[in-house]
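The values are calculated or read from the model by the stated rules, or taken from the named source; none is laboratory data. What you are looking at is a predicted structure, and each value in this text was computed from that prediction instead of being measured. All Cβ positions, even for glycine, are placed from backbone atoms using ideal geometry, and neighbour counts span all protein chains on display.
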Amino acid sequence: FSLGDARRPLHETAVLVEDIVHTQLINLLQQAAEVSQMRGARVISAEDLLFLMRKDKKKLRRLLKYMFFRDYKSKIVKGIEEDDLLEDKFNSNNTNKRQKLAQDFLNSIDQTGELLAMFEDDEIDDVKQERMERAERQTRTMDSVQYAEFCESRQLSFSKKASKFRDWLDCSSMEIKPNAVAMEILAYLAYETVAQLVDLALLVKQDMAPKAGDPFSHAISATFIQYHNSTESANVKTSLDSPENTPPPTPTPPASAGQQHIGKTPSGALGNGGIGQDSSKSKQRKRKKSTAACGMEAQSDAIQPSHIREAIRRYGHKIGPLSPFTVCNNRVIKSYIYN
């Protein structure tokens, strides 16, 4: 919900996303265990995961920022003074243990200086910026209850339930187990995998519902999907409430006839089984129908499992004149996120 899906996501989609994330993390753990074994280590550490992500500069830069903010949060919890918090964030003398660990390791494998340059790069992350814009547009039409639910969903992460997350990955059965810092990185990568699946699924959803007469509908960014859907629903609501679309008023009898009718109405007619109860029953039926209609509308706006599968297929598809002849095009995608 907080990443761009409908307020009530489909259960089938959630199960599919969970299965994909679990498969990717298991494959990543196996590769990290192989790297750790090659360097003679007894545990999977952050160095092994950084080594596997060294080729993807954007995601590695995003991970380094996350590690810095984890150190920053640890300082705040421990009660460090504000002057210490404003020190140089890449100073090796401070308490940025995660950041220092990453910097020392990347310094040992960097031959061109590209990896170390990411520590001083303040470039705006386009993916993060697009997600923030989509979230901002998504909250424009929310009331206080929906916004509170949205804020609560944005605070969810895999790192809050570390023991359950470790059991979910079945780390106890591994010969080389990940340490605490590696588990933090895995929890972050799990969240990023879900976010990227939603990003790609929104693009697929947009392509599957083109607008008639708009030749540039396929070129619209996924940032505006939720905004356009909410705007269209709001326009439909206002058009139904406009005076031109309202039904004609019900004719009322004259005042004298109404008074005579009220005077002749027996007392039992206003009790059980009277006109008041019939009107309340009809209102309840209308409410049930409207609730069912809203549920159907929410399901139609939610990301479908077909959107997720198509996103996986597109992401792993090799583009080029020789793509039909490549071996990778016929394989099952093992690690489409981090390789």
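To keep it simple, each residue is scored yes or no on (1) at pLDDT below 80; (2) in contact with a Cys (Cβ under 6 Å, 6 or more places away or on another chain); (3) surrounded by fewer than 13 Cβ atoms within 10 Å (Cβ to Cβ).
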| position | (1), (2), (3) |
| --- | --- |
| Leu63 | no, no, no |
| Tyr72 | yes, no, no |
| Lys78 | yes, no, yes |
| Leu85 | yes, no, yes |
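Which residues, counting only those in the range 8-23, are part of a helix (DSSP H, G or I) and under 17 Å from the mean Cα position of the chain (by Cα)?
Those that are part of a helix (DSSP H, G or I) and under 17 Å from the mean Cα position of the chain (by Cα): His11, Glu12, Thr13, Ala14, Val15, Leu16, Val17, Glu18, Asp19, Ile20, Val21, His22.
Taking Met118 as meeting all but one of (1) within 25 Å of Tyr191 (Cα to Cα); (2) modelled with pLDDT of 85 or more; (3) touching a helix residue (DSSP H, G or I) at 6+ places or on another chain (Cβ under 9 Å); (4) surrounded by 12 or more Cβ atoms within 10 Å (Cβ to Cβ), write down the number of the exception.
(2)
Only one of (1) surrounded by 14 or more Cβ atoms within 10 Å (Cβ to Cβ); (2) among the charged types (D, E, K, R); (3) assigned to a helix (DSSP H, G or I) is not met by Asp5, so which one is it?
Only one criterion in (1) surrounded by 14 or more Cβ atoms within 10 Å (Cβ to Cβ); (2) among the charged types (D, E, K, R); (3) assigned to a helix (DSSP H, G or I) is unmet by Asp5, namely (3).
What is the one condition in (1) over 19 Å from Ile109 (Cα atoms); (2) in contact (Cβ under 8 Å) with a residue 40 or more places away in the chain that Ala46 does not satisfy?
Every condition holds for Ala46 apart from (1).
Which ones in the range 15-51 are under 29 Å from Pro305 (Cα atoms) and either modelled with pLDDT under 90 or among the aliphatic types (A, V, I, L, M) (or both)?
Answer for the range 15-51, where residues must be under 29 Å from Pro305 (Cα atoms) and either modelled with pLDDT under 90 or among the aliphatic types (A, V, I, L, M) (or both): Val15, Leu16, Val17, Ile20, Val21, Leu25, Ile26, Leu28, Leu29.
Is it the case, given these coordinates, that Ser163 is outside any loop (DSSP other than H, G, I, E, B) and modelled with pLDDT under 85?
yes
Could you say which residue among Ser153, Ser163 is under 26 Å from the mean Cα position of the chain (by Cα), of a type in the set (Gly, Ala, Ser) and more than 22 Å from Met67 (Cβ to Cβ)?
Matching residue, one of Ser153, Ser163: Ser153.
Every residue in the range 148-164 that is within 23 Å of Val43 (Cβ to Cβ) and out of contact with any helix residue (DSSP H, G or I) (no Cβ under 6 Å at 6 or more places or on another chain), please.
Residues satisfying the conditions are Lys160, Lys161, Ala162, Ser163, Lys164.
Could you tell me whether Ser230 is crowded, with 17+ Cβ neighbours inside 10 Å, more than 15 Å from the chain's Cα centre (by Cα) and at pLDDT below 85?
Against the criterion (crowded, with 17+ Cβ neighbours inside 10 Å, more than 15 Å from the chain's Cα centre (by Cα) and at pLDDT below 85), Ser230 qualifies.
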